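Beneath this line is the structure, given in structure tokens, with notes to follow.
The values are calculated or read from the model by the stated rules, or taken from the named source; none is laboratory data. Values in this document were obtained by computation on a predicted structure and should not be read as measured data. Quick reminder, even Gly has a Cβ in these numbers, built from the backbone with ideal geometry, and neighbours come from all protein chains shown. Only protein heavy atoms, including side chains, enter the accessible area calculation; ligands, DNA and RNA are left aside. Shrake-Rupley method; radii C 1.70, N 1.55, O 1.52, S 1.80 Å.
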Protein chains: 2
Amino acid sequence: VADHNRLSLDMLSVDRASDEPMHRQIYNALRRLILDGRIPAQSLLPSTRSLAEDLSVGRNTVIAAYDQLFAEGFIEAHAGSGTWVAPIQQGRPAAPKHRKHGRCPPLSRRGRIIVDGPQPPRNAGVINFHPGVPETESFPFSVWSSLLARNARSRDDSLLGYLSFSGHPGLRRTIAENISLSRGISCTARQVVVVTGAQAALDLVARVLMDENDNVWMEEPGYRGARSAFLAAGARLAPLRVSRHGWNLSDRSLPPPRLIYVTPSCQWPFGTIMRIEERLQLLDIAERHGAWIIEDDYDGEYRFRGRPVPALRGLDNADRVVYIGSFGKTLIPALRIGYLIVPEELAGSFDKAISITGQFAPLILQATVNDFIKQGYFATHLKRMRRLYARRQAHFVDLCEKHLKEWITVAENDSGMQLLASFTKPMKDRDVVAAAVKEGLDVQAISINYHSAEPENGLLLGYAAMDERQILRAVLALRAAFIGLDRKQPSAPG
Amino acid sequence: VADHNRLSLDMLSVDRASDEPMHRQIYNALRRLILDGRIPAQSLLPSTRSLAEDLSVGRNTVIAAYDQLFAEGFIEAHAGSGTWVAPIQQGRPAAPKHRKHGRCPPLSRRGRIIVDGPQPPRNAGVINFHPGVPETESFPFSVWSSLLARNARSRDDSLLGYLSFSGHPGLRRTIAENISLSRGISCTARQVVVVTGAQAALDLVARVLMDENDNVWMEEPGYRGARSAFLAAGARLAPLRVSRHGWNLSDRSLPPPRLIYVTPSCQWPFGTIMRIEERLQLLDIAERHGAWIIEDDYDGEYRFRGRPVPALRGLDNADRVVYIGSFGKTLIPALRIGYLIVPEELAGSFDKAISITGQFAPLILQATVNDFIKQGYFATHLKRMRRLYARRQAHFVDLCEKHLKEWITVAENDSGMQLLASFTKPMKDRDVVAAAVKEGLDVQAISINYHSAEPENGLLLGYAAMDERQILRAVLALRAAFIGLDRKQPSAPG
């Protein structure tokens, strides 16, 4: 025993110049020596008095170190017989520093499906032609900042606690009041469920409303984020074909759905508006199959000429429609606040579900969005953005006509923040995207939105975030990409 | 045809005093008339010129209304033959206004499991004795507010976009740097995944690391939020028995686990610290079964005497431990920022997974927490809270000794924000909670943390959020509850 004591003491020292308190140094050193087996289990440790003397430290310093070791079970005190190293398994090998493949278990099958789900690729381009990106320059940051600061100073319990899973009561009320006017939906505040953005809404809805192996009708082509959420929830996806002219709701090959995903206000990626007869037919189909309709209104606020098209959820007897909206595109994406409108009788269930999935948006941000809306800033900003985007679209269409008509046709669209460009001659859109990336452009190929059908090729060009000068630069860069492609693969004559 | 026209015209009128633009009024009226079937499908509508005359409005007003109806598919234009109501299905019954049971489909089986999961009941008490609630009075709101305001004004792309799914790069770096010192974990910024709180972290981990019907060892008694997350992911829960003395890791009746959930720094609800030999044994068990360990460090920062106990994740070869931390208890709960430390090789998978589940915390809040830490406010606040909670605990224990020792024994604890109270005589904790609610108290029964074993009865008393006066008031209210109970059910002598 005496040998052990001497052994352990020799290895111990304290560094008086270190920032680390001495008791912590002693604790760390003993812990390491015990874990490595250099002080064997069952060894008798020196008394605190004798160790303190050997190290020339105060006795309380050693006591603090021993207390910590004792609390963590490294050492044991036996009445009258001193302090012993606990009988622990020692000598665990340290982890190799630079191993390539760790020894941690793999993801689960479900984890693999979630991780392998499709995601819009972000290209490394400097010029952001990416669809769905709003202008942020014009956002009234200083108003926003002071409203936020006021809420951040508030000691109001309603902003500090754990409660209000479904959202800030004021914001839920405001959304319910406003959505009647803006989207033709009549609902109560209880039906509004605020979450961390539209993606969280899709994920939550898929988990709560469908089971593994349920059939989900997914727009084809359609939004990849939704597709991923349904796959993550174990859905069997059935392609609901969409063209520029509408939804193929009469497709007899589709299995009975549990859930139907649509973007009726502005179809992604085509921008088509769902006609009233299709809406009524869709509601009938859902009714017949006892299915849910998920209405993703990702772009519904942006219509330039007429008014926004009323939401599908706003039609009579549309209680089986769950509506998803977001402030990401009307304010700033990083806010990450989206919301669901759910049937009254499911409001309690969603509140419970969100308390478990944790997809809740922070209350001070919600309260601030509420202030922003109530004080009129939101309406002003939206109106301004609508005018701005309409102007930018017109400018963009003109420039495409002028510089790009040899390769693409861009049809004006009455809504949205991006336009669909069709090729004037057979081209693979992935080739075009690759060439565009070389010119510093981040553009999206239409074909990535297809999953089972033969894809239509084309580009989805987001013009909303660029000013006129940037649009020109982007158009010219795209032109350069096309010219480069032509040189590589001269198109067949005629 | 002429009759139809007259019919529709008679029903149409505009209200010049209304806030609603006239084209919108005409659009709404025609839309409603068509949907209800009062203007039958295939009717010929009056020309815009003639309707404008009849209504005494400008022709452009009618054109705007017709354009909107046309865009939504209510009407069709046939070249040379005017404007016709589209062949849509009409006369859908309006939804009954006050039906009790709607016609929407039920939740899915999974949705039912999620919604039926256990959740800590919140009692209606005014005096918040609820465990896990931090003091917010002392939080430096004005510093926090100005840091947040600065970030909210920033047009920095890194705060505005959709990217950085796994978190703000600065905050991830800061957490990685600090967690080495505070919790003995060495990791890179890539391994840090920021989410909307610990509950979201539990949910995410359960979905990505386990499959439906996998065995999960769950502490018994244990934290209900974790239990709910695992159930929501389809787990089969196996009870890992815990007592005040430790974890029963040698229980042969436990099935091979895929995932093991533990709170080693401060067991919920007992407050026990997991001894080093148990830690090593646990790592071995996980290794042997190829299982994951989920370390929920919900309270690890609060240890009053010694230093915080190092995390299990900090031991050598603990790559199969996924660590969950949160700022909810060290800052303010409503922040809803938590984080995971995942193995290096899974960092990419988690980034992908979170982009689909949408459990991301807003970037400006993350950036602000980062500033708060980097500028030293976090350390100061934590130190202050540690001292404050230690003082409050001592005060609380004294008052319990003075006023409550007839009914409960409260053992001082070296960590946490709540204390376990044992009954001195047989009582049902649910009865005590019910009596306490009547006295305006929100307290938690220990038994709710049990799910399969015969529960121990007692109370979990959160004292952290109360000042000394409030603690006294709470203790006296609890005393009143006990006295009331004694009167109702005089305890058996002896």
Inset, instruction - Identify all residues within segment B:353-376 that are without any contact (Cβ under 8 Å) to a residue 60 or more places away in the chain, under 18 Å from the mean Cα position of the chain (by Cα) and not in a helix (DSSP H, G or I); write none if there are none. - result: B:358, B:362
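Residue by residue, here is whether (1) more than 8 Å from chain B (Cβ to nearest Cβ); (2) open to solvent by 30 Å² or more (accessible area, probe 1.4 Å); (3) modelled with pLDDT under 85 holds:
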| site | (1), (2), (3) |
| --- | --- |
| A:46 | yes, no, no |
| A:64 | no, yes, no |
| A:82 | yes, yes, no |
| A:94 | no, yes, yes |
| A:102 | no, no, yes |
| A:106 | yes, yes, yes |
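Taking the criterion of being in a strand (DSSP E or B) and facing chain B (nearest Cβ under 9 Å), would at least one residue in segment A:217-236 satisfy it? Quick ask: steps written out before the conclusion?
Going through segment A:217-236, the residues in a strand (DSSP E or B) turn out to be A:217-220, A:236.
Retained after the next criterion (residues that are facing chain B (nearest Cβ under 9 Å)): none.
No.
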Inset, instruction - Determine which single condition residue A:417 fails, assuming it passes every other condition in (1) more than 14 Å from chain B (Cβ to nearest Cβ); (2) under 18 Å from residue A:137 (Cα atoms); (3) surrounded by 16 or more Cβ atoms within 10 Å (Cβ to Cβ). - result: (1)
Legend entry - Members of segment B:27-44 that are of a type outside the set (D, E, K, R), touching a Ser or Thr at 6+ places or on another chain (Cβ under 9 Å) and away from every other protein chain (no Cβ under 12 Å): B:29, B:33, B:39, B:43, B:44
Inset, instruction - Just one of (1) over 22 Å from residue B:174 (Cα atoms); (2) in contact with an Asp or Glu (Cβ under 9 Å, 6 or more places away or on another chain); (3) hydrophobic (A, V, I, L, M, F, W, C); (4) within 11 Å of chain A (Cβ to nearest Cβ) trips up residue B:242, so point out which. - result: (4)
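Of all the residues that make up segment A:127-141, how many are at the interface with another protein chain (Cβ under 10 Å from one of its Cβ atoms) and in contact with a helix residue (DSSP H, G or I) (Cβ under 6 Å, 6 or more places away or on another chain)?
Kept after step one, since they are at the interface with another protein chain (Cβ under 10 Å from one of its Cβ atoms), are these residues of segment A:127-141: A:128, A:130, A:132-134, A:136-137, A:139, A:141.
With in contact with a helix residue (DSSP H, G or I) (Cβ under 6 Å, 6 or more places away or on another chain) added as a condition, the list becomes A:136, A:141.
Of the residues in segment A:127-141, 2 are at the interface with another protein chain (Cβ under 10 Å from one of its Cβ atoms) and in contact with a helix residue (DSSP H, G or I) (Cβ under 6 Å, 6 or more places away or on another chain).
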Legend entry - segment B:214-261, subset buried (at least 22 other Cβ atoms within 10 Å of the Cβ) and among the hydroxyl-bearing types (Ser, Thr, Tyr), residue modelled with the highest pLDDT: B:261
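Per-residue answers, yes or no, for (1) among the hydrophobic types (A, V, I, L, M, F, W, C); (2) touching a helix residue (DSSP H, G or I) at 6+ places or on another chain (Cβ under 6 Å):
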{"site": "A:418", "(1), (2)": "no, no"}
{"site": "A:433", "(1), (2)": "yes, no"}
{"site": "A:454", "(1), (2)": "no, no"}
{"site": "A:457", "(1), (2)": "no, yes"}
{"site": "A:471", "(1), (2)": "yes, yes"}
{"site": "A:474", "(1), (2)": "yes, no"}
{"site": "A:485", "(1), (2)": "yes, yes"}
{"site": "A:488", "(1), (2)": "no, no"}
Inset, instruction - Would you please list the contacts, defined by Cβ atoms under 8 Å and residues six or more apart or on different chains, that run from a residue in segment A:242-257 that is closer than 20 Å to residue A:456 by Cα to a residue that is among the basic types (Lys, Arg) and open to solvent by 20 Å² or more (accessible area, probe 1.4 Å)? - result: A:246/A:275; A:247/A:241; A:248/A:241; A:251/A:241
Inset, instruction - Given the conditions (1) open to solvent by 70 Å² or more (accessible area, probe 1.4 Å); (2) not in a helix (DSSP H, G or I), report the number of the one that residue A:398 does not fulfil. - result: (2)
Inset, instruction - Being open to solvent by 40 Å² or more (accessible area, probe 1.4 Å) and more than 21 Å from residue B:295 (Cα to Cα) is the filter; apply it to segment B:165-198 and report the residue that is farthest from the other protein chains (Cβ to nearest Cβ). - result: B:169
Legend entry - Residue list for segment B:180-191, filter: assigned to a helix (DSSP H, G or I), at pLDDT 90 or above and out of contact with any strand residue (DSSP E or B) (no Cβ under 6 Å at 6 or more places or on another chain): B:189, B:190
Legend entry - Residue check, residue A:264 away from chain B (no Cβ under 14 Å) and assigned to a loop (DSSP other than H, G, I, E, B): no
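Out of the residues in segment B:330-341 meeting the condition of being within 9 Å of chain A (Cβ to nearest Cβ) and in a loop (DSSP other than H, G, I, E, B), tell me which one is modelled with the highest pLDDT.
B:337
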Inset, instruction - Given the conditions (1) touching a strand residue (DSSP E or B) at 6+ places or on another chain (Cβ under 9 Å); (2) away from chain A (no Cβ under 12 Å); (3) open to solvent by 10 Å² or more (accessible area, probe 1.4 Å), report the number of the one that residue B:295 does not fulfil. - result: (3)
Inset, instruction - Taking residue A:327 as the residue in question, decide whether it is modelled with pLDDT of 85 or more and among the aromatic types (Phe, Trp, Tyr). - result: yes
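Counting only residues that are open to solvent by less than 50 Å² (accessible area, probe 1.4 Å) and of a type in the set (Val, Ile, Thr), which one in segment A:438-494 is nearest to residue A:267 (Cα to Cα)?
It comes out as A:446.
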Inset, instruction - Could you list, in sequence order, all residues of segment A:318-353 that are more than 29 Å from residue A:144 (Cβ to Cβ), open to solvent by 20 Å² or more (accessible area, probe 1.4 Å) and touching an Asp or Glu at 6+ places or on another chain (Cβ under 9 Å)? - result: A:319, A:344, A:345, A:352
Inset, instruction - Taking residue B:150 as meeting all but one of (1) modelled with pLDDT of 90 or more; (2) open to solvent by less than 20 Å² (accessible area, probe 1.4 Å); (3) at the interface with chain A (Cβ under 9 Å from one of its Cβ atoms), write down the number of the exception. - result: (2)
Legend entry - Number of the exception - residue A:271 against (1) free of Cβ contacts under 8 Å to residues at least 40 places away in the same chain; (2) in a loop (DSSP other than H, G, I, E, B); (3) more than 10 Å from chain B (Cβ to nearest Cβ): (1)
Inset, instruction - Would you tally the residues in segment A:436-490 being outside any helix (DSSP H, G or I), among the acidic types (Asp, Glu) and out of contact with any Ser or Thr (no Cβ under 9 Å at 6 or more places or on another chain)? - result: 4
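For the structure I just gave you, tell me whether residue A:419 is within 30 Å of residue A:226 (Cβ to Cβ) and either acidic (Asp, Glu) or in contact with a Leu (Cβ under 8 Å, 6 or more places away or on another chain) (or both).
Spelling it out, residue A:419 is indeed within 30 Å of residue A:226 (Cβ to Cβ) and either acidic (Asp, Glu) or in contact with a Leu (Cβ under 8 Å, 6 or more places away or on another chain) (or both).
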Legend entry - Candidates A:211, A:316, filtered to the one that is free of Cβ contacts under 8 Å to residues at least 12 places away in the same chain, within 11 Å of chain B (Cβ to nearest Cβ), in a loop (DSSP other than H, G, I, E, B) and touching a Lys or Arg at 6+ places or on another chain (Cβ under 8 Å): A:316
Legend entry - Counted residues, segment A:274-289 - those being touching a Pro at 6+ places or on another chain (Cβ under 9 Å) and of a type in the set (A, V, I, L, M, F, W, C): 4
Inset, instruction - Confirm whether residue A:59 is among the basic types (Lys, Arg), farther than 27 Å from residue B:207 by Cβ and at pLDDT below 90. - result: no
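Between B:326, B:355, B:349, which is among the polar types (S, T, N, Q) and touching a Gly at 6+ places or on another chain (Cβ under 6 Å)? Reasoning before the result, please.
Values: B:355 fails: touching a Gly at 6+ places or on another chain (Cβ under 6 Å); B:349 fails: touching a Gly at 6+ places or on another chain (Cβ under 6 Å).
On inspection, the qualifying residue turns out to be B:326.
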